[in-house]
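Data block below; observations after.
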Amino acid sequence: MTKLTKLREDATKLLNSGKGEEAVVLLKQILTENPNDPITKVTLTDYWSDEATKLYAQKNYVEAKKRYQEALQYAAKSDLIRVQIQNCDEFIKAQQKPETPIQTVKEESKEVPAAPVQNPVTTSKPVQEKKDIPLEPKKEVVKKETKPAITLKQTPAPNRRLVPKVLTAVIGLGAGGYAYLLNSQYQTKLNDLSSISQTTDPDGDNIILTQSAFNQWETSYKDVKSFQNNKITMYACLGVAGAAAITEIILLVTKPKSKKQTGFNLHPSTQNVGLALRYSF
């Protein structure tokens with residue numbers, strides 16, 4: 001067993017046991033010995049992309065961007081990874097945007113000036129003789145009763161932004177989950193191909209001695225190639241999930257404009273006895 005084969009086998013075991021950082025060290029050693037090894041580059045690209053996708057789903061966009069940049073070093077097709085890096089930058093800017101402070105308006109108390117006090121002045125009037133004057137009956141003044149205004153309130157309209165928020169979240173979660181499933185299936189096929197390559201070509205010289213071993217390797221290789229088409233769908237789903245997350249942030253940050261309340265108001269009539277109906281636009 002050659003040194004490169006031993007390193008690849010140890011790296012595969014570490015990846016399967018969840019020790020990705022240790023596996024990356026071994027895979028980089030393989031690239032040091034053989035910089036053009038396509039299987040090692042694909043393995044590193046998928047590992048860093050998978051780690052970035054997990055952090056992206058957790059909304060940890062700073063760390064996700066670092067993983068995507070690591071994957072970009074080994075990716076054969078880097079367009080979709082660059083798109084995810086741009087999405088991370090947009091989310092980071094949105095998270096760092098300061099919120100507008102709420103201004104509190106204080107009511108100033110109004111001072112009512114006191115009425116001036118007049119000095120009492122005593123005046124003397126000439127004394128007149130009292131005469132008997134017939135008293136007229138006093139007229140009783142009937143006070144008009146006023147009733148408080150009655151406001152007919154309209155039923156508050158339901159929150160119209162709730163449905164877009166829920167729909168956006170469902171689309172984002174569905175697209176992200178499907179992308180994660182496709183990536184897991186592709187990683188499994190790739191690990192199978194690596195294991196078969198080590199079995200059929202232990203020397204690492206790209207020469208398979210028996211026809212049956214070659215057929216086994218060719219079948220596994222075709223499976224990996226067929227799943228590479230699904231990676232385009234996976235990256236598309238990641239793009240949809242990113243767009244859904246941006247839309248969700250916009251819906252959360254922006255506030256709906258308040259509508260002017262309209263309705264019918266009942267007020268006491270000023271011209272005659274009764275109530276007056278008025279509609280406010």
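The values are calculated or read from the model by the stated rules, or taken from the named source; none is laboratory data. Keep in mind that this is a model prediction, so the values were computed, not measured. Cβ: placed from backbone, ideal geometry, glycine included. Neighbour counts: every protein chain shown.
List of remarks:
- Count of segment 45-73 residues which are free of Cβ contacts under 8 Å to residues at least 40 places away in the same chain and over 18 Å from residue 241 (Cα atoms): 9
- Any hit, segment 166-179, residues being in the same structural domain as residue 246 (by TED's automatic domain parsing), of a type in the set (S, T, N, Q) and within 26 Å of residue 7 (Cα to Cα): no
- Boolean, residue 32 is polar (S, T, N, Q) and either within 29 Å of the chain's Cα centre (by Cα) or under 16 Å from residue 197 (Cα atoms) (or both): no
- Test: residue in segment 168-191 that is more than 30 Å from residue 97 (Cα to Cα), at pLDDT 80 or above and touching a Leu at 6+ places or on another chain (Cβ under 8 Å): yes
- Qualifying residue in segment 53-61 (condition: part of a helix (DSSP H, G or I) and under 20 Å from residue 198 (Cβ atoms)): no
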